[in-house]
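*Asks:* Before I ask anything, here is the structure I am working with.
The values are calculated or read from the model by the stated rules, or taken from the named source; none is laboratory data. Keep in mind that this is a model prediction, so the values were computed, not measured. Ideal geometry is used to build each Cβ from the backbone, glycine not excepted, and the neighbour counts take in all protein chains shown.
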Amino acid sequence: MAAMAALANGAGAGGVAEDKGGVRRMRAAGGESDNSGENGGAVSDEEDLDYVPGMEKAAEEEKRLAAERMAAGGDAGGTQENLSKDKFQELNHLLDQSALFTDFLSEQMTNVENKVQGASATKKRKVMARSDEDLMKEQTELMPLLTGGALREYQLKGVKWMIALWQNGLNGILADQMGLGKTLQTISFLAHLRSKSITQKFLILAPLSTLANWVKEVKRFCPDFPVMLFHGDKEKRKELKDELDRLMPEKVWGTDGEGKRTVINEIDNKNFPLIVTSFEVCLSEIRYLRKLHYKYIVVDEGHRLKNHECRLFKELKTLSTDNRLLLSGTPLQNNLKELWSLLNFIMPDVFGSLDDFESWFDFNADSVDEQRDLVVKKLHNIMRPFVLRRLKTEVAKDLPKKKEIILYAHMTPVQADFNKQLTEKTLEAVMRQKQAMYTSSTLASFRNTVMQLRKNANHPDLITAPFEQDIFFPPVQKLLDDCGKMQLVDRLLSHLRKGNHKVLMFSQMTKMLDLLGYFLEERGYNTFRIDGSVPQATRQERIESFNNDKEHGVFLLSTRAGGLGINLTSADTVIIYDSDWNPHQDMQAMDRCHRIGQTKPVHVYRLATANSVDGKMLARAKDKLKLEKIVITKGNFKQDYDNDKRAVTASKEDIIALLRPDTDAGQVLAQSGVLTDEMLVRVCDRSDLLDGFKGEPLPTIGVGYRVPEVDTGANLLGEVEDE
C-alpha cells in the first residue's frame, strides 16, 4: 500500500504536477498497447502478451506432436524407440525423389554458368573469387533489364538457383538471413524472365510495411519493368482493376473443328505490370485476382503461411499460377507443422501428408540418438532442393560486425512492490479500491498475470495509468524514479548521443512507445515513430527523412509493424526495450539496420529487468531457436557441394548437443547489480568489432550485462538461460 500511496502523490492523484516549463503533456487517447499488426489496426496488450509459443524445447515439441497424432489414432503398431519399417520406406522413397531434384538443380545451375562464362571459366571460379567485371558481365547476360545496380556474387547465385527451379518446373523458398537482399534477388529473377519475353502476369504479396519498398526497388533497379501498387480504398482499387482489364492479353479469334468461333490464342500485353499488393487486399480482392492466371506468385515474409488452416493459405492455393516462390528469413518459427505448411504450399505433390511428415519426427523420451540423427539428416536431404539459406557471416563478409548485449535493469521499490502483489494475486484488490476513488467504469483486466508482470517490468505506469484517470503524462523525474529500465535507457542514450550514434528503439507496446516518446521529447531528442496505426505513405516518408536527417537521432518502432522490410541503415544501434515471445520478431528488428548498406559496426542492446518475467521470455525465445538450428541452419541449404557433389550436413554430435539442456551459472552475476558508469563506457565501445583490433575484449559476463555467444545467424540468444 505504501507504493500505492507514493504513486497517488505523483501525477495520478494530486493537482496538475509541473514538469519542464510548468506544462505537462497530455496522454494520447485510445485503447491499450498493441503489437502492431501490419494491417494498420491495433492489437491489445492482452493479445500481445497472451501469445506464448507452444514449443518449449525441441524434444518436448516432438513428444507433443506424437501425442496429438496418437490421440487421432495414428502410428498404431509402431515401436517406442524406432520408427516403423514402413515409415522409413516412405521416407527413403521421398529421399530418392528429392535426390533427383537435387541433381537436376545442380546440373541446371552449372549449365547456366557455362552458357554465360564458358566451361573453363566455371572451373576457374571454383578455386578463386570472381572479379567485379566477371560478375557484371554475367549479370548483363542473364538480366539485361537490371540496370540500376550490381548484384553481389551470392545474390547472383541466388538468381541462378531460382532460374534452375523455374527451368525444372519446381517451386522454392528463398530463406536467406534477413538483410541479404531477398527483394533484389527476386526482382532480378523476374527481370530475367521478362528478358526472355515471358510477359505473363507476376503477383507479389507482401506485408503492408514492405509494399512501398518493393515498388521503389523495382523502379530503381529495373526502370523499364512496369510495376503497379495494387492498394488503396475501394474506389482506388476499382480504378486499378479497370486499368488492369485494359491491359489484358489480346484474344485471337478463330474457328474450331466444328466451325464455331472461339479463342485460338492470346497475345500477352508487354505493358502488363508486376502487381504488388498486401495480404489484406489480396483477401479482399480474391475474386478478381482469381480471374487472372499468373506465371509466378511471390509471397514475401512467407512464414505468414505457416498455418495451413488459415484463410490466407487456403485462398492463395486457389489462385491459378505456374510457379510459387516464398521469401522468408525465418522459415521455421514454432514447430514442424508450420514448416510442413510452407513446404506443402510450394510442393504439394511432394509434401502432401502432414501426418507422414510429423511421423518422421515421432521421437519419444527414450528414442536413441542415432535414430534422431538419421531422421534429421534425411529431412535435410529432402528439403535441400527447395530451400536456399545463406547467413550474413558466410556471404556478406564485408558487412560490419554486429554484437548483441543484454543489459539488466533493477526494479525500483514501486516495481518490486507491484511484482510481489502480482505474484501473490493481491494487486487486483488494491486496484479496485484505488479505482473506486475515481470512477465506476469496468476494471481493467488482471486475468493475464504474465501480461501485468511484463507491463511492470517495462514501466509501472502501464498498470496504474488506467486507474489514475489523469490525462497527463507523469513528470519526467517520476517516470525515471519509478522504473529501472527507464533509468537505464536515459543513461544509455546519453552516452550514445555523445558518440553521434543513430538509434532504433523497439517495443511491443504502443503505450510504452507513448511514454518513451514523451520522455525523449522532454529530454531534447528529435524522434520519428512507426506503429501499426501509421499509414503506409507516412511510414515511407519518415523512413527516408530519418535516413537523410542528422537531426533525428532516435526512431521509435513497434516490433511487429517496424520490424518487417524496412531499411534503416543510417542507424548503427538497436535498443530492444522489451523482447517478443517470438525471437524471430526481434531478429527482424535487429536487421533493420544490420543489412546490406550498413557501413558501421552495429550494437544491439536488449534490455531486461533482472529477476523478472523478462528472463523467462528470453529463455523461451532461445528454446524456439533450437528447432530452427536443427532443421534449417545445420542443414547446409547453401546449394554447395563437396568434390563428390555430396552436401555435408550436421554431425550427430552437433544435433545431440543442440538438444541437450543448457546450464548457465553466469546469470546470477549478470543480474547481481547495475552497470557502473565506467563499465557502461566499456560495454558501448565498438573497437573490438573493427578489423585489426588487438586490445582486451569485453568479458562476456559482468555485473549488469552479458554478451550472448553467437555462433550462427540464427542463434541470437545463445547463452540466455531461464532464471
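*Asks:* Mind telling me which of the residues S209, S188, S197 ends up being at positive phi and among the hydroxyl-bearing types (S, T, Y)? Steps first, please.
*Replies:* Numbers: S209 fails: at positive phi; S188 fails: at positive phi.
Criteria check complete, one pass: S197.
*Asks:* Here is a further query. Out of everything in region 518-543 that is among the polar types (S, T, N, Q) and in contact with a helix residue (DSSP H, G or I) (Cβ under 8 Å, 6 or more places away or on another chain), what residue ends up being modelled with the highest pLDDT?
*Replies:* Start the filter on region 518-543 by keeping residues that are among the polar types (S, T, N, Q), which leaves 526-527, 533, 536, 538, 540.
From what is left, the residues that are in contact with a helix residue (DSSP H, G or I) (Cβ under 8 Å, 6 or more places away or on another chain) are 527, 533, 536, 540.
On the way: T527: 93, S533: 83, Q536: 75, Q540: 82.
Out of the qualifying residues, it is T527.
*Asks:* Hey, does region 155-168 have a residue that's in a loop (DSSP other than H, G, I, E, B), surrounded by 17 or more Cβ atoms within 10 Å (Cβ to Cβ) and not aromatic (F, W, Y)?
*Replies:* Going through region 155-168, the residues in a loop (DSSP other than H, G, I, E, B) turn out to be 168.
Cutting the leftovers down to surrounded by 17 or more Cβ atoms within 10 Å (Cβ to Cβ) gives us none.
No, region 155-168 contains no residue that is in a loop (DSSP other than H, G, I, E, B), surrounded by 17 or more Cβ atoms within 10 Å (Cβ to Cβ) and not aromatic (F, W, Y).
*Asks:* Give the residue that is modelled with the highest pLDDT, with candidates limited to residues of region 411-429 that are polar (S, T, N, Q) and in a helix (DSSP H, G or I). Lay out the reasoning, then the answer.
*Replies:* Restricting attention to region 411-429, the residues satisfying the condition of being polar (S, T, N, Q) are 412, 415, 419, 421, 423, 426.
Checking the rest, the ones that are also in a helix (DSSP H, G or I) come to 415, 419, 421, 423.
Values: Q415: 93, N419: 85, Q421: 83, T423: 76.
Here the residue is Q415.
*Asks:* Right, here's the next one. Among the helices (runs of 4 or more DSSP H) contained in region 317-410, which hold 3 or more residues that are modelled with pLDDT of 75 or more and under 27 Å from the mean Cα position of the chain (by Cα)? Lay out the reasoning, then the answer.
*Replies:* Working: elements: 336-346, 354-359, 369-383, 392-395.
Helices (runs of 4 or more DSSP H) meeting the threshold: 336-346, 392-395.
*Asks:* A further question on this structure: I'd like to check which helices (runs of 4 or more DSSP H) are fully inside region 181-276 and have at least 3 residues that are over 30 Å from A150 (Cα atoms). Write out each step before concluding.
*Replies:* On the way: elements: 182-195, 208-221, 234-246.
So the answer is 234-246.
*Asks:* Out of everything in region 490-517 that is assigned to a helix (DSSP H, G or I) and of a type in the set (K, R), what residue ends up being modelled with the highest pLDDT? Quick ask: steps written out before the conclusion?
*Replies:* Narrowing region 490-517 to residues assigned to a helix (DSSP H, G or I): 490-498, 510-517.
Narrowing the set further to residues that are of a type in the set (K, R) leaves 491, 497-498, 511.
Values: R491: 95, R497: 92, K498: 91, K511: 92.
Taking the candidates together, the pick is R491.
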